[in-house]
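Below is one structure; the comments refer to it alone.
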Amino acid sequence: MNPKHPPSPKRDFLFIDESGDPGTFSPYYILGLLHVTDLSIKNLNLHLGAMRYFGSVKRELKSSRITCEQREQLLRILRDAHDHTFVRASAIYLTKNEYQGIYLTDRPDQIHDPSRFQNLMLRRLLEHHFTVYKPQSQEVELIVDRFFTSETVEGRMRLYLRHDRHGKLPSFLHITQADSRYVELLQIADWIAGAVKERFFTHKERDFADLFQYISAAKIIK
């Protein structure tokens, strides 16, 4: 194989997880996204496997309980993957008492609807992401952490994301829900969302080094 012409990706994978709730329990709502290809996913899994093996990491990598050392390791992995292959990260976040959009609370012209709010935020996240980064192939697969518990509601989410009136999203080959306990890259999306939570809401004093050079984060107002 000619090294000047590396193989082209055949599929993109986007992993999405949330932090906060689609109601009034938390003061924020955040979605984190990790974007890889069928080529870069191999590189990323190799790094994550080494981190688990040499660091004796046996539990799910939840952002709420990773150690400072693990946080630094994940940053190094993201930095290396970003610089040497196609791995990109995005996030959106909102402060609920500043949010002027629909579905989050009851109001005269719109009722509170958690699933529609989540659908809208998923669309906002994807629109933001694809404004900054482009698909690397003709096949794009979306994997969302399992926060739609009803098959009917899950079906509405798929239809909503596939119906792109404004032409801002790619055509998705598959839209799937999965449990982050057995999908490690969803755990990385959770870490991305957790880092955004810490930076803008819970640990503003923390040193994030150059992490946010690798996460394109946007605030949602409406």
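Taken together, ASP113, ASP83, ASP106, ASP38 contain a single residue that is closer than 20 Å to ALA178 by Cβ and of a type in the set (Asp, Glu), which is ASP38.
This table checks each residue for (1) of a type in the set (D, E, K, R); (2) crowded, with 20+ Cβ neighbours inside 10 Å; (3) at negative phi; (4) outside any helix (DSSP H, G or I).
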{"residue": "ILE30", "(1), (2), (3), (4)": "no, yes, yes, yes"}
{"residue": "LYS42", "(1), (2), (3), (4)": "yes, no, yes, no"}
{"residue": "GLY49", "(1), (2), (3), (4)": "no, no, yes, no"}
{"residue": "ALA81", "(1), (2), (3), (4)": "no, yes, yes, no"}
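Among the residues examined, LYS62 does not qualify as outside any helix (DSSP H, G or I), of a type in the set (D, E, K, R), over 16 Å from ILE188 (Cβ atoms) and under 18 Å from the mean Cα position of the chain (by Cα).
Within region 143-158, the set of residues being surrounded by fewer than 15 Cβ atoms within 10 Å (Cβ to Cβ) and either in a strand (DSSP E or B) or among the acidic types (Asp, Glu) (or both) comprises just one member, GLU151.
The set of residues from region 86-100 being in contact with a Pro (Cβ under 8 Å, 6 or more places away or on another chain), outside any strand (DSSP E or B) and under 10 Å from ILE220 (Cα atoms) comprises just one member, LYS96. Cβ-Cβ distances below 9 Å connect the following pairs, each with a first residue in region 195-222 that is free of Cβ contacts under 8 Å to residues at least 24 places away in the same chain and farther than 15 Å from CYS68 by Cα, a second residue that is surrounded by 16 or more Cβ atoms within 10 Å (Cβ to Cβ) and small (Gly, Ala, Ser), and a separation of six or more residues or different chains: PHE212/ALA195.
Set side by side, the residues ILE188, ILE175 differ, and just one is crowded, with 16+ Cβ neighbours inside 10 Å, in contact with a strand residue (DSSP E or B) (Cβ under 6 Å, 6 or more places away or on another chain) and touching a residue at least 40 places away in the same chain (Cβ under 8 Å), which is ILE188. Listed conditions (1) out of contact with any Lys or Arg (no Cβ under 9 Å at 6 or more places or on another chain); (2) touching a residue at least 24 places away in the same chain (Cβ under 8 Å); (3) closer than 23 Å to ALA209 by Cα are all met by LEU61, apart from (1).
Every number in this text was worked out from the coordinates using simple rules, so none of it is lab data. Source: prediction; values computed, not measured. Note that we place each Cβ from the backbone using ideal geometry, even for glycine, and neighbour counts take in every protein chain shown.
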